[in-house]
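Data block below; observations after.
What follows draws every value from the coordinates through simple rules; no lab data is involved. Here the structure is a predicted model, which means the values were calculated and not measured. Virtual Cβ from ideal backbone geometry, glycine too; neighbours counted across all protein chains shown.
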Amino acid sequence: MATLGIPQNTIEVLQKYNFNFQKKFGQNFLIDTHVLEKIIEESGITKDDFVLEIGPGIGTMTQYLCENAREVAAVEIDKNLIPILADTLSAYDNVEVINDDILKVDINKLAEEKNGGKPIKVVANLPYYITTPIIMGLFESHVPIDSITIMVQKEVADRMQVGPGTKDYGALSLAVQYYAKPEIVAIVPPNCFMPRPNVGSAVIRLTRHKEVPVQVNDEKLMFKIIRASFNQRRKTLANGLNNAPDIHLSKEVIQESIEELGVPVNIRGEALTLQQFAQLSNIIGSKIKFDS
Ligand code: SAM
């Protein structure tokens, strides 16, 4: 099968199967061989790797993954794409297509079965409507992961990569950077897709930290604190924590904890680094224990 990265080949397949794009599934298929080659190169996959692809579409990138990896599992929600994938991937015996919603797949089990529980690589041109739940699901469920190389909305890639003091900095930046090192490796314009999305895109590689970069006693508490601080952007950190429905802290405890951290009490959440959020959650955690 000729590469689907060439627009004419994609059009032929779509016509052969009379395929209708489904907006609700975020279907924007890649039609640019340079972008495909760049993703494969930046993902660093080798013939030793098992790769999970999320949303193979008509199999455009899957073909490249099959050529470069030992084994591939591709999870696709749209049942109308399954017969097409059987056709476009018929030359490969190292791929399994799974017709399911990625958010419902037990990826730990898949990594165990396909890769003996060793770290896997994830490569995908993601459906943008569920980018965050997919990434957070992969990290929080402690799936053994080496790296995640994904196409996302440009604005979301920026949010993952930035540090404190920038407008894009928020809960997503901190969550991603707690688990991985993010690097934007390509900017991709809308004309590289069919149909064209109305937003710019970027490829970002998230390389999982071997060890978490900060010492935190209670991850869940830290993420509750992070979410609370960014829920009300223009408010101070103290107000954000005070108004958080899922952490019950007195004004005094909040005030004391911020003082102990050594920052001004009227500081805003968006000025704190990951290191400071970890410290703050350790301070608050010890006070909560002390109280109860
Ligand atoms: N990989 C293909 C490419 O690059 O041309 C298609 C990428 S397209 C942006 C996203 C794909 O994810 C679509 O094929 C869509 O049907 C699929 N998808 C959407 N939601 C999904 C979900 N919850 N689980 C699995 N696949 C999903």
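Before moving on, here are some points about what is shown:
- Cα shape, segment 139-251, gyration tensor, a/c 1.5 rule: oblate
- Each of I148, Y178, A73 was placed along the dipole of segment 7-208 (beta-carbon charges, centred on the mean Cα), and the one lying farthest toward the positive end is Y178.
- Applying the Karplus relation 6.51 cos²θ - 1.76 cosθ + 1.60 with θ = phi - 60° to segment 273-284 yields 3J(HN,Hα) values of 7, 4, 4, 5, 5, 5, 4, 4, 5, 5, 5, 4 Hz, where x marks Gly and Pro.
- For the chain, the mean residue ellipticity at 222 nm estimated from helices alone is -12000 deg cm²/dmol, where every DSSP H run of n ≥ 4 contributes -39500 (n - 2.57) and the total is divided by all residues, rounded to the nearest 500.
- Under Karplus coefficients 6.51, -1.76 and 1.60, residue-wise ³J(HN,Hα) of segment 71-86 in Hz, glycine/proline x: 8, 10, 10, 10, 9, 10, 7, 7, 5, 5, 8, 5, x, 5, 5, 4
- The magnitude of the dipole of segment 121-268, with charges of +1 and -1 set on the Cβ of Lys/Arg and Asp/Glu and taken from the Cα centre, is near 540 debye.
- Charge-dipole axis of the chain as Lys and Arg at +1 and Asp and Glu at -1 on Cβ define it, positive-most pick from P119, V212, V97: V212
- Taking a ≥ b ≥ c as the square roots of the Cα gyration tensor eigenvalues, segment 219-291 comes out rounded, since a/c falls below 1.5.
- Between H142 and I6, the C-beta separation translates, for a Förster distance of 41 Å, into a calculated FRET efficiency of about 0.55.
- Residue of L65, L14, L30 that the Gaussian network model of the chain assigns the largest fluctuation, springs spanning Cα pairs under 10 Å: L14
- Cα long-axis angle, helix 131-140 against the chain (0 to 90 degrees, to the nearest 10): 70 degrees
- Along segment 170-184 the Karplus relation, 6.51 cos²θ - 1.76 cosθ + 1.60 evaluated at θ = phi - 60°, assigns HN-Hα couplings of x, 4, 5, 4, 5, 5, 4, 6, 5, 9, 8, 9, x, 9, 6 Hz to successive residues, with x for each Gly and Pro.
- Full extension of the chain between R208 and N266 yields a length gain of 17.5 nm, computed as 0.36 nm times the residue separation minus the alpha carbon distance.
- Rounded to 0.05, the FRET efficiency of the E155 and D218 pair, given R0 = 22 Å and the Cβ-Cβ distance, is 0.10.
- Computed extension gain for K235 through H248, at 0.36 nm per residue and net of the alpha carbon distance, reaches 2.9 nm.
- DSSP beta bridges in the chain [antiparallel fraction, %, rounded to 5]: 45 percent
- Potential lengthening between S90 and T33 on full extension [0.36 nm per residue; Cα-Cα distance subtracted]: 18.5 nm
- Size of charge dipole - segment 219-291 - debye, nearest 20, with Cβ of Lys, Arg +1 and Asp, Glu -1, no other charges: 320 debye
- Prolate/oblate/rounded label for the chain (Cα gyration tensor, a/c 1.5): prolate
- For the chain, the longest principal axis of the C-alpha atoms and the axis of helix 251-261 are separated by about 80°.
- Degrees between helix 7-16 axis and first principal axis of the chain (Cα, 0 to 90, nearest 10): 70 degrees
- 5 angstrom amide H check on L126, placed H, neighbours 5+ away: M151
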